[in-house]
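First up is the structure itself, then whatever we jot down about it.
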Amino acid sequence: MKSTYKKVLVTIISILIISGIYFKVNDSTLFWKLKIDLKGFDHALDFSEGLAAVCIDDKWGYIDKKGDIIIKPQFQSAFPFTDGPAKVQLYDKWGYIDKSGRFVIKPMFQSMFEYQEGLIEVQMNNKWGYIDKRGSFVIEPKYEKTGVLSEGLIPIKRNDKWGYIDIKGNIVIKPQYEYAYAFQDGLGKVEIEKGQKTGWINKTGEFVIQPMPILSYFDFQEGLSLIYIKEKGRKAYIDTTGKIVMIPDCNKAYPFYEGLAVVQVGNDWGYINKKGEWAIEPGIFDKVYDFRNGLARVEINGKMGFINKKGEFVIKPIFDEAYDFKNGITEVKINKAAGLISLNGNFIIEPKFTSISYFCEDLASVSNYYKQGYIDRTGKVVIPLKFDYARDFSEGLAAVKINNSFRYIDKTGKIIIGPKI
């Protein structure tokens, strides 16, 4: 009889909670606790500074590590707390809240970008400006568009022309360009004559590199920027003094990394140095990638390996898939099985999973075809592969998905927050 009564009571409470019928018990603490324990979360992000953003019934709020609701779900979107307030969206407007849920910057902006040199780029009434960390306008939203704050200057668009202002809103370089980009290493890239010419100016507006009929594809990387010379129909690089470095005629070229740049000629790939000379001739590899940590991924005969800057294989091409190294390790796949290797090519984790992530707090999420779990640095499965989705560990907890709802587990696999089944 007692067992039947208990089941009926639990069923009634579950129906009330899941159907969204609100009741007030101990200032709704019990309501949220029961709801989380029974239903879990629609979505859940990583813990940061002791709090995690979670979504319940399409509304975002924040919980602590005990699973208590600290900031009631009410937002359309929510970001983690990182070195200060968190960005949230309410009624289609963006603002920032503190850890008590109080708005430190009221939700009044159509768009809001992250901090740039202590300021935040915002859009209000279809105009753009900047605010400080307190939400006070440093630059009133009066421009058609603003660009990225960099080196103390902000590109702005007014009356369909671009110029630059300082962080106090003073016009430093009057709007006169077809487009203006963020300053980098003391230079600002600008376009004139309806975008037909590109040049670089200093912070007084003087041209350091005179406008010329080129297209500039990327920012300066290692002192060089890739350009397309319209008159010659050729790609080349330009340095910060305006000197042009011609390169072999090619289909594609990319920014420099560690002194070399990837270039494609026809169907062949190779690397050039900063003089525009071939460092590794095309035609050896089927596909090549940027150098990182002295090594570059390459494909040859359907397999991937890693070469040094002489074009010699340091890690033999035996992999079906390979990725860039991060903290000395990378994921590789052989016969659709994923593992991890070190910079010397030795397996840290033998290939036996469908996918494998990088380690976070000494655990890495892995998957087979259907479920995910976690391994330690020896490759031992320490949390069985039983989750539909598993996020990385952060501050000792990880969000996992079971039967369409998220909950949080600790490093033993024990469910700490959310349904226990």
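All of the numbers you see were taken from the coordinates with simple rules; none came from a lab. Every value quoted in this text rests on a predicted model; they were computed, and no experiment measured them. Heads up, the Cβs are rebuilt from the backbone with ideal geometry, glycines too, and the neighbour counts pull from every protein chain shown.
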- Query: At K232 and D64, where each label point lies 7 Å from the Cα along Cα→Cβ, what is the point-to-point distance in nanometres?
  - Reply: 6.5
- Once you have the Cα-Cα distance between L30 and T378, take 0.36 nm times their residue separation minus that, and quote the gain in nm to one decimal. 121.1 nm
- Note on the structure: So the pair-distance distribution of segment 320-421, from every Cα-Cα distance in 10 Å bins, comes to percents of 16, 48, 28, 8, 0
- Going down the table (K203/K230; K127/K252; K93/K161; K93/K168), which pairs top 32 Å between alpha carbons? K127/K252
- Item | Calculated [θ] (222 nm, deg cm²/dmol) that DSSP helices of n ≥ 4 give over the chain, each run adding -39,500 (n - 2.57) | -2000 deg cm²/dmol
- Query: Modelled label-to-label distance, V148 and Q116, 7 Å Cα→beta-carbon offset: nm?
  - Reply: 0.8
- Item | Cα centre as origin, Lys/Arg/Asp/Glu Cβ charges: segment 27-164 dipole, Debye | 360
- Please give the contour-minus-distance gain from K303 to K275: 0.36 nm per residue of separation, less the Cα-Cα distance, rounded to one decimal in nm. 7.0 nm
- Query: Using 0.36 nm per residue, how much length does the chain from I415 to L343 gain when fully extended, once their Cα-Cα distance is taken away?
  - Reply: 22.3 nm
- Reachable lysines, given that their alpha-carbon falls under 20 Å from the alpha-carbon of K401 and they are not under 8 places away in the same chain: K33, K35, K39, K59, K65, K66, K371, K386, K411, K414, K420
- When the Cα centres of segment 30-50 and segment 207-268 are compared, how far apart do they sit, in Å? 51
- Using 7 Å Cα-to-Cβ label points, what is the I244/R102 separation (nm, one decimal)? 6.0
- Cα pair distances exceeding 15 angstrom across segment 270-315, given as percent: 36
- Message: Could you list S136, S357 so that the one with the fewest beta carbons within 10 Å of its beta carbon is first and the one with the most is last?
- Response: S136, S357
- Message: Based on Cα coordinates alone, diagonalise the gyration tensor for segment 282-338, multiply each eigenvalue by 5, take square roots, and list the semi-axes in whole Å, largest first.
- Response: 17, 15, 8
- Note on the structure: For the D92, F313 Cβ pair and Förster radius 51 Å, calculated FRET efficiency rounded to 0.05 is 0.40
- Taking Cα pairs closer than 8 Å and at least 6 residues apart, the relative contact order of segment 320-421 in percent is 13
- Nearest 10, in degrees from 0 to 90: the angle of helix 2-18 to the longest Cα principal axis of the chain is 40
- Task: Report the one residue of S342, G163, T240 whose Cα lies farthest in the direction of the positive end of the charge dipole of the chain (charges on C-beta: Lys and Arg +1, Asp and Glu -1; origin at the Cα centre).
- Result: S342
- Item | Cα centroid separation, segment 336-413 to segment 133-160 (Å) | 43
- Task: Would you mind checking the radius of gyration and Dmax of segment 55-104 based on alpha-carbon positions, in Å?
- Result: 10.2, 30
- Query: What does the convex hull of the Cα atoms of the chain come to per residue, in Å³, rounded to a whole number?
  - Reply: 172
- Query: So how strong a dipole does segment 88-157 carry about its Cα centre when Lys and Arg Cβ are +1 and Asp and Glu Cβ are -1, to the nearest 20 debye?
  - Reply: 260
- Taking the convex hull of Cα positions in segment 26-125, its mean projected area over all directions (nm²): 6.6
- Query: Going by alpha carbons, how many degrees (0 to 90, nearest 10) lie between the helix axis of 29-39 and the longest principal axis of the chain?
  - Reply: 80
- Query: Suppose R0 equals 30 Å; then what is the FRET efficiency for K336 and S394 from their Cβ-Cβ distance, rounded to the nearest 0.05?
  - Reply: 0.55
